[in-house]
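Visitor: Below you will find the structure I want to go over with you.
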Amino acid sequence: MKVLITGGAGFIFSRVAEFCVDAGYEVVILDKLTYAGDLARINHLLDKIRFYQVDVSNQKEVFEIFEREKPEIVIHSAAETHVDRSILDGKPFLESNVIGTYVMLEAARHYNVEKFVNISTDEVYGELGSEGHFHETSPLRPNSPYAVSKTSADMLGRSYLRTYQLPVITVRPSNNYGMFQYPEKLIPVVFLKAYNQEKIPVYGKGENVREWLFVDDTARAMLKIIENGEIGEIYNVGSSEERRNIDVVRKILEIMGKTEELIEFVKDRPGHDFRYSLSYEKIKQELGWQPEVSFEEGLQRTIQWYYSNIDWLLEKIEQLRKYWKVAYKQ
């Protein structure tokens with residue numbers, strides 16, 4: 001079958017694309033190649049897939065690709081994802097995450113796809129206290145402009161399921177980490193700062209808790225969902241690997257043999273959610289998926305990959321600095 005993946009040159013779904021190719025699917029990737037997209041992630045796949053550089057909010061171009069490719073399955077992941085940037089300027093998040101999702105849903109409806117997998121996030125649920133878990137039926141209470149844009153996209157997909165009977169499946173993963181992650185997220189930022197012997201900024205007191213999911217486990221979950229996921233269902237994809245941000249930072253420093261004197265506590269982010277935690281019992285029971293990589297193993301593998309690919313990471317951080325200087329005058 002033919003799978004069309006939006007955002008397939010991004011961190012997570014380039015890996016999903018690789019797993020799909022290995023599983024025998026015919027793969028088409030759409031990616032705008034914004035500052036966070038990178039063909040280096042899929043260079044080894046380019047002779048096995050078809051790639052289109054396109055903005056998913058461009059309805060004319062998206063429809064032309066659907067007309068040419070006629071995919072049976074769509075995995076829609078293309079999105080702006082960085083919370084800090086959404087706080088500075090939410091407009092690009094609405095354009096990409098909401099309008100882009102609308103265009104993809106319309107294309108899928110027009111060309112009668114068999115399955116539309118809409119990628120959401122655990123941040124649509126808002127925050128938790130020190131106990132409990134989010135379930136697929138938990139109310140959606142997003143707190144950042146990014147989370148609101150993803151909630152809108154999430155609900156837009158659900159509306160197409162109800163109104164047009166579009167075969168939508170909604171997926172809400174927890175924080176991913178692993179190889180090729182762009183250096184604006186916590187783990188690669190901490191690695192680079194420590195590598196360069198620079199101060200590592202930690203919001204507040206570092207008490208905020210996140211659930212960490214290795215990217216390969218997400219890719220395995222996606223295969224389960226496109227093969228056996230039920231139309232209309234929502235699947236949380238979690239790990240139960242919860243860590244305070246400060247503990248993640250300390251663990252990275254320990255692996256790298258660096259001192260905790262590099263840690264610098266800074267003013268907390270506005271509206272910073274305290275804790276996310278997903279129950280993944282549903283996907284475990286119904287589809288037989290569960291995470292295979294522990295946080296300790298995944299973090300070791302990730303840090304080793306960064307050491308082995310330091311040139312890529314240094315190149316990306318320089319690109320990111322230029323992007324922030326132009327986009328946000330910072």
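Visitor: Mind listing whichever residues of region 167-204 are out of contact with any strand residue (DSSP E or B) (no Cβ under 6 Å at 6 or more places or on another chain) and either charged (D, E, K, R) or in a loop (DSSP other than H, G, I, E, B) (or both)?
Guide: Met179, Phe180, Gln181, Tyr182, Pro183, Glu184, Lys185, Asn196, Gln197, Glu198, Gly204
Visitor: Being modelled with pLDDT under 95 and not in a loop (DSSP other than H, G, I, E, B) is the filter here; which residues of region 124-146 pass it?
Guide: Within region 124-146, Pro145, Tyr146 meet the criteria.
Visitor: Consider region 251-297. How many of its residues are in contact with a Gly (Cβ under 9 Å, 6 or more places away or on another chain), surrounded by 17 or more Cβ atoms within 10 Å (Cβ to Cβ) and closer than 14 Å to Val202 by Cα?
Guide: 1
Visitor: Turning to a different aspect of this structure: Taking region 121-153, which residues are small (Gly, Ala, Ser), in contact (Cβ under 8 Å) with a residue 60 or more places away in the chain and within 30 Å of Arg68 (Cβ to Cβ)?
Guide: Listed by number, the residues that qualify are Ser149, Ala153.
Visitor: What's the number of the only condition in (1) assigned to a helix (DSSP H, G or I); (2) buried (at least 20 other Cβ atoms within 10 Å of the Cβ) that Gly8 fails to meet?
Guide: Of (1) assigned to a helix (DSSP H, G or I); (2) buried (at least 20 other Cβ atoms within 10 Å of the Cβ), only one is false for Gly8: (1).
Visitor: Do the conditions hold for Tyr52, that is, is it outside any strand (DSSP E or B) and not charged (D, E, K, R)?
Guide: Criteria not met by Tyr52.
Visitor: To continue, here is another question. Just checking, how many residues over region 70-104 are under 19 Å from Phe11 (Cα atoms) and in a loop (DSSP other than H, G, I, E, B)?
Guide: Residues in region 70-104 being under 19 Å from Phe11 (Cα atoms) and in a loop (DSSP other than H, G, I, E, B): 6 in total.
Visitor: Across region 105-120, what is the number of residues that are touching a residue at least 24 places away in the same chain (Cβ under 8 Å) and in a loop (DSSP other than H, G, I, E, B)?
Guide: Residues in region 105-120 being touching a residue at least 24 places away in the same chain (Cβ under 8 Å) and in a loop (DSSP other than H, G, I, E, B): 4 in total.
Visitor: Out of all the residues in region 176-197, is one or more surrounded by fewer than 21 Cβ atoms within 10 Å (Cβ to Cβ), in contact (Cβ under 8 Å) with a residue 12 or more places away in the chain and over 22 Å from the mean Cα position of the chain (by Cα)?
Guide: Yes - at least one qualifying residue is present in region 176-197.
Visitor: Phe93: at pLDDT below 95 and under 15 Å from the mean Cα position of the chain (by Cα), yes or no?
Guide: yes
Visitor: Okay, next question. Can you tell me how many residues in region 255-280 are free of Cβ contacts under 8 Å to residues at least 40 places away in the same chain and assigned to a helix (DSSP H, G or I)?
Guide: 2
Visitor: Is there a residue being in a helix (DSSP H, G or I), more than 21 Å from Met179 (Cα to Cα) and not small (Gly, Ala, Ser) anywhere in region 21-41?
Guide: Looking through region 21-41, none of the residues is in a helix (DSSP H, G or I), more than 21 Å from Met179 (Cα to Cα) and not small (Gly, Ala, Ser).
Visitor: What residue, among those in region 282-295 that are in a helix (DSSP H, G or I) and free of Cβ contacts under 8 Å to residues at least 24 places away in the same chain, is nearest to Gly37 (Cα to Cα)?
Guide: Lys284
Each row is one residue, and each column tells you yes or no for (1) among the basic types (Lys, Arg); (2) within 24 Å of Tyr102 (Cα to Cα).
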| position | (1), (2) |
| --- | --- |
| Thr6 | no, yes |
| Ala23 | no, no |
| Arg50 | yes, yes |
| Val56 | no, yes |
| Val62 | no, yes |
| Glu69 | no, yes |
| Ser77 | no, yes |
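The values are calculated or read from the model by the stated rules, or taken from the named source; none is laboratory data. Every value quoted in this text rests on a predicted model; they were computed, and no experiment measured them. Positions of Cβ are generated from backbone atoms using ideal geometry, with glycine treated the same way; all protein chains shown enter the neighbour counts.
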